Structure formats: C-alpha cells, structure tokens
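Participant: Below is a structure I'd like to ask you about.
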Amino acid sequence: MGVILARDPNTPDMFTDPAAKKPLANWAPAPVRAAPPPKRPPGWDMRSKVSRAISAAMRDSELNRDEIAKRMTVFLDEDVTLNVLNQYASEASEHSIPAHRLAALAHALDRADLLNLLTHPLGCEVVEQRWLPAIEDAQLAVDIEEKKKRQAQVRSLWRGRG
C-alpha cells in the first residue's frame with residue numbers, strides 16, 4: 001500500500017468553505033463573461049475615419065496634393081503645407097484636421113460631402129443651399145398633413161362624433 005500523508009494545515013482546501021469549514025456542496029463557478037473591448041482614446045474612431053476619408057478624397061481627385069494645399073492656402077489666406085496635408089490624411093499622425101481646414105479642403109476639392117464627416121454623427125446632412133426651399137416645402141407639406149389630421153379629430157369631438 002501507498003503512504004498516506006497527513007494534510008498540510010497551511011494549505012487551503014479549495015473544496016471547503018473557509019468560513020463554515022464544511023464542503024461546498026452547491027458551489028458553482030462564476031459565469032464567464034467576455035472581456036470588454038480595450039478602451040481607445042476619445043475620438044479615436046472618428047479621427048481615423050476622417051483621416052481615411054481625407055486620404056480617399058485626395059486620391060480620387062484629379063489635383064495633386066501640392067495643388068490642393070495651394071488652393072486651401074488661397075481659400076484660408078493662411079499657409080497650408082503639403083507636409084501638414086499629408087499628416088491630416090494619415091491615420092498614424094496625431095494631427096487632426098481643424099474644422100476650418102476641412103471646409104477649405106472641401107472647397108479645394110469641390111467636395112462639400114466631406115463636411116458630412118462632422119454632421120453625420122449629429123444626425124444631420126450637408127446640402128447645397130439651392131435645395132433648402134425644396135426641403136422647407138416638404139417639411140411644410142408634412143406639417144399641413146399633420147394639422148389636417150388633428151383638425152379632423154377636433155371637428156369630430158365638437159360636432160358630437162367623438
């Protein structure tokens with residue numbers, strides 16, 4: 001037969017409740033939960049999205065980056081260098097494009113849609129001014145329809161049908 005060793009009193013028994021000194025009959029392990037995704041700095045995803053959009057817009061343009069920087073410089077009346085423009089287009093760069101320079105880039109590329117990078121998270125869309133009367137007309141049509149429905153409800157109440 002084998003040798004039976006005495007239990008070491010300094011080693012805790014993982015099958016016994018230390019407080020009650022009794023076996024853990026109904027013990028169950030804690031539920032396994034997925035680890036939360038690693039925290040990123042605030043704005044990291046948006047910064048990356050803006051950089052990728054700037055890079056794609058410049059790549060799709062017939063203008064080279066030097067010409068884009070020159071057009072932005074004229075529009076803003078401040079110096080915009082090729083190096084800074086390249087940093088705005090790089091996800092690896094810590095330099096994000098300021099809003100006034102994004103507007104200048106949109107102007108230089110004739111791409112007002114680039115401003116949607118700022119407005120989409122707010123549930124808004126940039127539209128050309130020429131479309132504003134059409135949008136207001138559509139809003140008025142919706143308002144009129146809602147008022148007609150409410151008017152029919154009110155009329156039915158005061159005419160004794162409600």
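Bear in mind these aren't lab numbers, they're just calculated from the coordinates by the rules spelled out. A quick note: this is a predicted structure, and the numbers were derived from the prediction, not measured. Note: ideal-geometry Cβ built from the backbone for every residue, glycine included; neighbour counts use all protein chains shown.
Participant: Determine, for Arg59, Arg111, the number of other Cβ atoms within 10 Å of each Cβ, and report the residues in order from fewest to most.
Facilitator: Arg59, Arg111
Participant: What are the extents of the Cα atoms of region 62-119 along their three principal axes, listed from largest to smallest and rounded to whole Å?
Facilitator: 23, 23, 23
Participant: Right, something else. Treat each spin label as a single point 7 Å out from the Cα along the C-beta direction, and report the Asp143 to Ala34 distance in nm.
Facilitator: Going from the Asp143 label point to the Ala34 one covers 4.6 nm.
Participant: Additional query: Tell me, in nm to one decimal, what length is gained between Thr119 and Trp131 on full extension, where the rule is 0.36 nm per residue of separation less the Cα-Cα distance?
Facilitator: Going from the current span to full extension adds 2.6 nm.
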